[in-house]
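This report concerns only the one structure given below.
The values are calculated or read from the model by the stated rules, or taken from the named source; none is laboratory data. Remember, it's a predicted structure, so these values are computed and weren't measured experimentally. Please note: Cβ atoms are built from the backbone with ideal geometry, for glycine as well, and neighbour counts cover all protein chains shown.
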Amino acid sequence: MSGPATVLNLANWKLTLPTGQEGEPEEIHPPALLSFSGDWFRLNDTGDGVVFTAPAGGVTTSGSSYPRAELRELDGGELASWSNRTGTHTMQLREAITRLPEVKPHVVAAQIHDAENDVLMVRLEDTHLFVEYADGEGEFTLDDDYQLGTPYDLRITAQDGRVQVAYNGEVKGDVALAGEGWYFKAGTYTQSNPERGDAPDAAGEVVIYALDVTHTP
């Protein structure tokens, strides 16, 4: 049976779903993830992408009020944790954002995170696709008129105490950010909930067509 694992190599990822008990969402780890498919994580109709859907009324983690259907990087089955002060750490993905909540149309589609907070986020707000960093104090635009469903190529490179982001092959930002305990995330992190006025079934949705992470010493 074909499923998400036929498109993406999921051996070094775990999946957090918008289901489960409040504060303790369901997680799917390898090897179970390699054959998993469901309402919030499934192959698209054309069989060339994986659809991540997170409804505004979904279960959230204890540290967030927003739901997610999102992959978190692993390293040999353990939680990945690295520093961009040494080595080169790169995530490349091809994805499309296909759906936004109606009232607060905001979605995060890729991240670098650390043990406590996000380091850098790729966000869509209405039609503004941009990178937010430094706890929202810094940002730069990837596309100021993004149209839902348009695939794009993203490359995030963290090295030498900096993070560079390229969009469709063009470097859009190169910022001084350094830290440790970092890891990559990709999928749908819907930035709304019913308290923001959205219906419980209003959702963010991202389709990932290709995903690759490399680390070099």
Exercise. Could you tell me whether Ala5 is touching a helix residue (DSSP H, G or I) at 6+ places or on another chain (Cβ under 9 Å) and of a type in the set (A, V, I, L, M)?
Key: yes
Quiz item: Looking at Asp118, Asp144, which is the one that is acidic (Asp, Glu) and within 22 Å of Asn12 (Cβ to Cβ)?
Solution: Asp118
Quiz item: Any idea how many residues of the range 1-30 are surrounded by fewer than 22 Cβ atoms within 10 Å (Cβ to Cβ), among the β-branched types (Val, Ile, Thr) and either in contact with a Lys or Arg (Cβ under 8 Å, 6 or more places away or on another chain) or at positive phi (or both)?
Solution: 1
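Residue check: is Val108 among the aliphatic types (A, V, I, L, M), closer than 18 Å to Ala203 by Cα and in contact with a strand residue (DSSP E or B) (Cβ under 6 Å, 6 or more places away or on another chain)?
Judged against the criteria, Val108 is a match.
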Quiz prompt | Hits in the range 55-99 (condition: touching a strand residue (DSSP E or B) at 6+ places or on another chain (Cβ under 7 Å) and part of a loop (DSSP other than H, G, I, E, B)) | solution = Ala56, Gly58, Val59, Ser62, Tyr66, Ala80, Ser81, Ser83, Asn84, Gly87
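Is there a residue in the range 117-135 that is within 18 Å of Arg72 (Cα to Cα), among the polar types (S, T, N, Q) and either in contact (Cβ under 8 Å) with a residue 12 or more places away in the chain or assigned to a strand (DSSP E or B) (or both)? Before you say what the answer is, go through the steps one by one.
Within the range 117-135, the first condition is being within 18 Å of Arg72 (Cα to Cα), and the residues that meet it are 117-123.
Of the ones still in play, those that are also among the polar types (S, T, N, Q) are 117.
Now narrow it down to the ones that are either in contact (Cβ under 8 Å) with a residue 12 or more places away in the chain or assigned to a strand (DSSP E or B) (or both): 117.
Yes, the range 117-135 has at least one match.
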Quiz item: Just one of Glu102, Glu139 is at pLDDT 95 or above, within 21 Å of Ala203 (Cβ to Cβ) and among the acidic types (Asp, Glu); which is it?
Solution: Glu102
